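**Student:** So that we are looking at the same thing, I have put the structure below in structure tokens.
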Amino acid sequence: MNGADTAWIIVATALVLFMTLPGLALFYGGLVRGRNVLSVFMHCFAIACLMSVLWLVAGYTIAFGGEGAYWGGMGKAFLTGVDADTLAGTIPEVLFFAFQMTFAIITPALIVGAYVERITFAFVLVFSGAWMLLVYAPVVHWIWGGGFLANMGVVDFAGGIVVHETAGLAALLLALVLGPRKTKHTPPHQPGMVFIGAGMLWVGWFGFNGGSALAADGSAAMAITVTHLSAATASLTWALWEKIKFGRASLVSMVTGSIAGLASITPAAGSVGPVEALIIGGVAGILCQEAVVLIRDRLKLDDSLDVFAVHGVGGIFGTIMIAVFGGATWAAQLSGLAIVGIFTVVATLVLIYVIKIFIPIRVDLETETNGLDLAVHGERAYELNS
């Protein structure tokens, strides 16, 4: 065991959990109507709790339990055979388990942005749990657990394919099946909350990308540096592009640009330097903004908080840029994107339609109109008369 590596991954684990709780919850919560903000918090918090338990029960062993080409087996269910002295590289395996658990938490939590303000709470829990075990965990094994895509040479440092492509595609499919919100043109109720959440995500992403080096070394330091530069550049190009098109740059849009830059650098953070990070972030700020326009205005899909346009497109773009800069072969990167994309689409659609048989996917019109906070959870975020 290396003490420095262990200490850093302990910190990185806390940072990645901080991304979901409270970063992502605040980022998403500020973007919805005031009468739905608590439902967003509930979705993120409940997903964090449920994924933690399921990762222990079966998720970790499916992803990292063995050497199979397609899945890891059940040999490490409930962390069987793992104790405080078991090592994964230079760190305790139980710490590696915890670090990867925070990824298993945030990936289904990202999908929350596609279905806010109109989905049933029961469907959220059942779908998120099943999706993590049957879609996310196998893809983790294929790329990070020594599976067949890793053997093909696919490079994904911290989750451009594993996290952002899978979550983005699942979000798009859920938005398609659910249909649009009745009040989808309502502006964000609290841009300040969006800003705070985005700032927390940015800081937490240092653990997300820097921790993926699994060591306290130069690779982790470079990953943190390029992560920051990509986020900063994407924020600027997003705001500039918006200013050119509409004559003003908004706070919500600029901080959304930072998330686009962060998602885009994620797969490449172990393969590129500062100059390449500027290029990736600079392009991502414009590319992801145009993806928002395509999906929201031209395709008329209510991916409510632009999960696919920002995370999906960003992750796919960053994965391709690894090949552009010579960090992997074009064949490997495109094959990885295609295989995971097809699998995610098919498996996600099957899960959606099977679960729909037993659990309603959408709340009734009255609940949607009045807001999910009071109707579903019996609380208001803002008691103005108290």
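**Student:** Quick one: how many Å² of I224 are accessible to a 1.4 Å probe, rounded to 10?
**Tutor:** Probe radius 1.4 Å; accessible area of I224 about 50 Å².
**Student:** Right, another one. Give me the number: length gained by fully extending L125 to F358, i.e. 0.36 nm times residue separation minus the C-alpha to C-alpha distance, one decimal in nm.
**Tutor:** Full extension of this stretch gives 82.6 nm more.
**Student:** Residue separation times 0.36 nm, minus the C-alpha to C-alpha distance between V324 and L79: what's the value?
**Tutor:** 84.3 nm
**Student:** Also: Once the Cβ-Cβ distance between D217 and F148 is put in as r, and R0 is 25 Å, what FRET efficiency do you end up with, to the nearest 0.05?
**Tutor:** The computed FRET efficiency comes out at 0.30.
**Student:** Which FRET efficiency value, to the nearest 0.05, do you get for Y382 and E67 by plugging their Cβ-Cβ distance into 1/(1 + (r/R0)^6) with R0 = 45 Å?
**Tutor:** Calculated transfer efficiency: 0.25.
**Student:** Further question: Would you mind getting the accessible area per residue of segment 41-194, heavy atoms of the protein chains only, 1.4 Å probe, in Å²?
**Tutor:** Solvent-accessible surface per residue comes out at 32 Å².
**Student:** Quick one: if you take sqrt(5λ) for each eigenvalue of the C-alpha gyration tensor of the chain, what semi-axes come out, biggest first, whole angstrom?
**Tutor:** Ellipsoid semi-axes (Å, largest first): 30, 25, 20.
**Student:** Express in % the proportion of alpha carbon pairs of segment 221-299 at distances exceeding 19 Å.
**Tutor:** 32
**Student:** Treat each spin label as a single point 7 Å out from the Cα along the C-beta direction, and report the V94 to R298 distance in nm.
**Tutor:** Label-label distance for V94 and R298, simple model: 5.3 nm.
**Student:** Report the Cα centroid-to-centroid distance between segment 128-158 and segment 268-316 in angstrom, as an integer.
**Tutor:** For segment 128-158 versus segment 268-316, the Cα centre distance is 22 Å.
**Student:** Rounded to the nearest 10 Å², what accessible area does L365 have for a 1.4 Å probe in the complete protein model?
**Tutor:** My reading of the accessible area for L365 is about 100 Å².
**Student:** DSSP H helices in the chain with Cα extent of 30 Å or more along the helix axis and mean Kyte-Doolittle hydropathy at least -1.0?
**Tutor:** The qualifying helices are 93-115, 218-246, 330-358.
**Student:** Quick check: at a probe of 1.4 Å, how many percent of the accessible area of the chain sits on carbon and sulfur atoms?
**Tutor:** So the carbon and sulfur contribution to the accessible surface is 70 percent.
**Student:** Given a Förster distance of 30 Å, report the FRET efficiency between V203 and T86 from their Cβ-Cβ distance, rounded to the nearest 0.05.
**Tutor:** Given R0 = 30 Å and the Cβ-Cβ separation, E is 0.45.
**Student:** Another one. Only helical DSSP H runs with n ≥ 4 go in: add -39500 (n - 2.57) per run for the chain, normalise by residue count and round the 222 nm mean residue ellipticity to 500 deg cm²/dmol.
**Tutor:** -20000 deg cm²/dmol
**Student:** Pairs on different chains or at least eight residues apart, Cα atoms closer than 28 Å: how many lysine pairs in the chain fit?
**Tutor:** The number of close lysine pairs in the chain is 10.
**Student:** Compute the accessible area per residue over segment 198-349, keeping the other protein chains in place, probe 1.4 Å, unit Å².
**Tutor:** 36
**Student:** Any chance you could run the full-extension gain for L240 through V11? It's 0.36 nm times the residue separation minus the Cα-Cα distance, nm to one decimal.
**Tutor:** Once the chain is fully extended between L240 and V11, it gains 79.0 nm.
The values are calculated or read from the model by the stated rules, or taken from the named source; none is laboratory data. In this text, all values refer to a predicted model and were calculated from it rather than measured experimentally. So basically every Cβ, Gly included, is an ideal-geometry build from the backbone, and we count neighbours across all protein chains shown. In case anyone asks, the SASA skips ligands and DNA or RNA and just uses the protein heavy atoms, side chains included. Shrake-Rupley method; radii C 1.70, N 1.55, O 1.52, S 1.80 Å.
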